[in-house]
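I have placed the structure first, in the form of C-alpha cells, so that the comments after it can refer back to it.
The values are calculated or read from the model by the stated rules, or taken from the named source; none is laboratory data. Since the structure is predicted, the reported quantities are computational estimates derived from the model, not experimental observations. Every residue, glycine among them, receives a Cβ derived from its backbone with ideal geometry; neighbour counts consider all protein chains shown.
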Amino acid sequence: MTGIDRNNSITDVKGILVGHYTDPEAASGVTVILCPGGATAGVDVRGSAPGTRETDLLKPLNLVEKVQAVVLTGGSVYGLATCDGVVRWLEKKGWGFPLMEGHVAPIVPGAALFDLGRGKDFIPPINPDWGRKACETAEDTTFPLGSVGAGTGALSGGIKGGLGTASEILDTDIRVAALVAVNSLGSVIDPMTGRPWEIRLEREGEFGEPGKRSVKLPDTPLPQPPSNTTIGVVATDAVLSKAQAQKVAQMAQDGLARAIRPAHTMFDGDTIFCLATNKRQLPDIESFFAAPKAQALNAIGRAAADCLTRAIIRGIIEATSLGLMTAFRDLEGKISN
C-alpha cells in the first residue's frame, strides 16, 4: 500500500461525485453518490433489519450491469422516497439505462437508516425533493463530514453517529475508498480505553486532534429504539464484474465488524454497496491457482475493509452534538488510572 489519496475521500475514485441534503431541525438527511458515467455495482446485506431499494437488481445473474447513483438516506422506510428524486434528476440529465426513442431508466439502488424520533417530528418531512437537492450539490472534491447528509440524525452506541469517508492508493495505483453513515446499535468506542476499537488503522494523522482523545462513555447512554443500521459504499476505479463487485462489498463488511461491536445484529440493517468505475484494469498476478486476477481482487477487498473501518471512525469523531445526542468530541475525557 502507498497511502491515502489527495482528499482521503470516496471522491478520490475518478467518476464519483457526492452530494448531501441536511435538515438539522428534522435530524435527518440524505447523501447521494453519483456515477455519471455509470459504475458496475454489487451489494452485501448483513444486518437483519435492512431498508433497501434495487438490491436484487445487483445480483450477478440479473440484466443491468451499471448504476448511475447510490442513495444513503435517513428516514427509515420513508426515506427511500428520496431515491425517486434522484431518478428524476438523472433522467433530465440523460443518465441511465438506455431505452427506446432516446429515453433512459436511471438505476438508483439505495439504503435507509433509522433516525425516527430524533428531530422536531417523529417522522421527518423527507421526500423526493431531498434527493434532488442532494444531487444539485454533488461534486468530485471534498465534502462535509459528521452530522450531515445521511449522518445528520445518526446515533451510534448511544452517542452521536455521523458520516465518514476514507481512501487508499494501492501499489498497483488502483484507488479504493469508502463512505459510510454510522447509525449502529454497537459502539465504535472501546469502553476500556475510551478510544475507537480500530484506532491503530489511522493513516497520516487523518483523525486529527479529536482522534487523540480518550473519552468516558455515558453511564446511561441515550436509549435507542431497536432499529439502527450502518449503511455505506466502497468504491474503486478498477474494472470489475458484478460478481467481483459483490465480493468486494462482502469483504468490506469485515471492516464494519472490526470497527463496530457488536455488528450485523437483529436490530441493524447493515448494507454495503460496491461501485467500480472501470478506469483501471486489474493486474494479472501469477499464483498457484489459475485465476490471475484473484490476488488483485483480494488486495482491493482488503483495502475496502480498511477504508470502511477508517471512514466509520471519522464519522464518529467528526460528528457534532445534536439535540439530546452527544458527540464524541463533547464527551468528558477519560481519566487514566
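Within segment 137-162, track down each residue that is within 18 Å of residue 80 (Cα to Cα) and either out of contact with any Gly (no Cβ under 8 Å at 6 or more places or on another chain) or not small (Gly, Ala, Ser) (or both). Scanning segment 137-162 gives 148, 152.
Do we have residue 237 as under 24 Å from residue 145 (Cα atoms), touching a strand residue (DSSP E or B) at 6+ places or on another chain (Cβ under 7 Å) and modelled with pLDDT of 95 or more here? Full working, then the answer.
Numbers: under 24 Å from residue 145 (Cα atoms): yes; touching a strand residue (DSSP E or B) at 6+ places or on another chain (Cβ under 7 Å): yes; modelled with pLDDT of 95 or more: yes.
For residue 237, the condition - under 24 Å from residue 145 (Cα atoms), touching a strand residue (DSSP E or B) at 6+ places or on another chain (Cβ under 7 Å) and modelled with pLDDT of 95 or more - is met.
For residue 31, state whether it is in contact with a strand residue (DSSP E or B) (Cβ under 9 Å, 6 or more places away or on another chain), surrounded by fewer than 19 Cβ atoms within 10 Å (Cβ to Cβ) and within 16 Å of residue 230 (Cβ to Cβ). No.
Regarding residue 155, is this residue surrounded by fewer than 24 Cβ atoms within 10 Å (Cβ to Cβ) and either in contact (Cβ under 8 Å) with a residue 12 or more places away in the chain or on the phi > 0 side of the Ramachandran plot (or both)? No, not satisfied. In segment 256-283, the residues that are within 19 Å of residue 316 (Cα to Cα) form Cβ pairs under 6 Å with partners that are part of a strand (DSSP E or B), at six or more places apart or across chains, as follows: 271/45; 271/52; 271/111; 271/231; 272/44; 272/232. Selection within segment 291-305: residues that are surrounded by fewer than 18 Cβ atoms within 10 Å (Cβ to Cβ) and assigned to a helix (DSSP H, G or I). The member of this set that is modelled with the highest pLDDT is 298.
Restricting segment 306-334 to residues that are hydrophobic (A, V, I, L, M, F, W, C) and farther than 16 Å from residue 196 by Cα, the residue that is surrounded by the most Cβ atoms within 10 Å (Cβ to Cβ) is 325.
Summed over segment 13-28, the residues that are surrounded by fewer than 24 Cβ atoms within 10 Å (Cβ to Cβ) and under 15 Å from the mean Cα position of the chain (by Cα) give a count of 3. Pairs meeting the criteria (first residue in segment 85-100 and of a type in the set (A, V, I, L, M, F, W, C), second residue in a helix (DSSP H, G or I), beta carbons under 6 Å, at least 6 apart or on different chains) are 86/131; 86/135; 89/132; 89/135.
Residues that are within 15 Å of residue 310 (Cα to Cα), of a type in the set (A, V, I, L, M) and not in a strand (DSSP E or B) within segment 123-179 comprise just one, 145.
Of these, 32, 18, which one is farther than 17 Å from residue 252 by Cβ, in contact with a His (Cβ under 8 Å, 6 or more places away or on another chain) and of a type in the set (Val, Ile, Thr)?
Details: 18 fails: in contact with a His (Cβ under 8 Å, 6 or more places away or on another chain).
After ruling out the rest, the residue left standing is 32.
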